[in-house]
Amino acid sequence: MRLDPRTTTLAEFFSEYRALVDDGLTSNARQSYARAWTLRVEPTLGALPLAELRPLSIAKARALWSGAESTKGDAIALLSKLLGLAVMDGLLPSNPCRSLPRTRGKVREAEWTSRALDDLQVRRMLALTAFHPFGQRALAGLAFTGLRLGELVGLRWEDLDERRGLLTVRRTFSPDGHGRLVERATKSGKSRQVPIIEELVPWLDAARGLGHEHIFTGKLGGPFDSGNLARAVRWHAIRDQIATFADGTPLRFHDLRHTFLSRLARHGIAPAHIQKVAGHASITTTERYTHLSGTEAALAVREAVNGA
């Protein structure tokens with residue numbers, strides 16, 4: 001029976017066509033879409049009939065969503081894909097997500113730099129967490145690689161190329177929906193390389209004799225997630241001693257990624273190099289304008305940072 005856009009809700013349409021939404025996505029992207037639906041899209045828009053999903057109603061819902069712009073972007077991407085299927089089926093004349101105002105790249109760049117720690121704040125963070133060497137090492141790893149936490153704890157010793165001073169990011173750890181961390185492909189589904197800068201070397205050396213397969217681990221060799229890392233280093237008790245921000249939001253582990261990327265920008269590293277090293281979702285757009293390989297980008301960053 002043909003669906004009626006005046007009575008079929010977004011939640012009902014999603015239930016009917018979820019397999020098509022997930023088709024072709026990496027496991028990480030499916031997880032991101034599942035969180036976006038559960039935490040943002042369904043609570044604010046799920047009960048609306050398809051015909052009532054207009055740009056203004058979507059923009060109003062987006063304004064209510066919590067999280068960073070990138071997190072909201074995941075929710076809009078899911079919604080746009082879903083409504084694109086409705087257009088394909090003739091239920092909507094056009095995709096209302098196409099008419100939403102776009103978030104500019106400069107805004108995202110300002111977000112990273114405004115939340116980046118300076119060198120003194122990084123040193124303070126490491127001093128405050130010295131009572132837990134494993135957690136302290138993980139924080140140093142985040143600050144000196146710019147990796148996401150799941151990517152950092154997924155690094156194995158075989159990913160370390162000391163001769164060229166590179167780490168290859170091949171995998172990540174992420175929740176499986178049942179409270180367990182499982183190994184998956186990276187967010188983009190591709191491997192990439194990041195430079196080993198001088199500040200990272202002592203932290204790698206300190207982990208060598210532990211006998212663990214992975215480089216950045218807990219005491220027993222298991223991976224950190226944001227919850228157990230926060231407990232290990234007493235994050236909620238110490239983070240305000242490290243840095244506070246004008247918008248009132250507390251320091252997050254992800255801000256250590258902003259710290260590294262902002263440092264690269266201060267060194268004058270080309271945006272194309274930074275995006276390759278960071279593995280941003282917009283990397284495919286950047287690659288249209290450059291012929292640099294990921295290895296060339298990582299080596300250029302390492303030389304510029306270490307030589308500064």
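The values are calculated or read from the model by the stated rules, or taken from the named source; none is laboratory data. Just so you know, these numbers come straight off a predicted model, no measurement behind them. Note that each Cβ is placed from the backbone with ideal geometry, even for glycine, and that neighbours are counted across all protein chains shown. Ligands, DNA and RNA are stripped out before the accessible areas are found, and what is left, the full protein with its side chains, is counted by its heavy atoms. Shrake-Rupley method; radii C 1.70, N 1.55, O 1.52, S 1.80 Å.
How high is the relative contact order of the range 153-205? Use alpha-carbon pairs under 8 Å, at least six apart in sequence, and give a whole percent. Relative contact order for the range 153-205 comes out at 32 percent.
Each Cα pair under 8 Å and six or more residues apart adds its separation to the average, and for the chain the resulting relative contact order is 18 percent. Just the protein heavy atoms count here, and of the accessible area of the chain at 1.4 Å, carbon and sulfur take up 52 percent. May I ask for the distance between the Cα centers of the range 232-247 and the range 13-78, given as a whole number of Å? Measuring centre to centre over Cα atoms gives 31 Å. Peptides 29-38, 156-165 ranked from most to least packed give 29-38, 156-165, packing being the mean of other C-beta atoms within 10 angstrom over each peptide's residues.
In the chain, helical runs assigned H by DSSP with n ≥ 4 each contribute -39500 (n - 2.57); averaged across all residues and rounded to the nearest 500, the mean residue ellipticity at 222 nm is -15000 deg cm²/dmol. Its Kirkwood hydrodynamic radius, worked out from the mean inverse distance over all distinct Cα pairs, puts the range 1-70 at 13.1 Å. As a rough guide to protection, the peptides 249-259, 265-275, 202-212 ranked by mean Cβ packing within 10 Å, highest first, stand as 249-259, 265-275, 202-212. Taking all protein chains into account, the per residue accessible area for the chain stands at 51 Å² (1.4 Å probe). Modelled label positions at residue 240 and residue 88, each set 7 Å beyond Cα in the direction of Cβ, lie 5.0 nm from each other.
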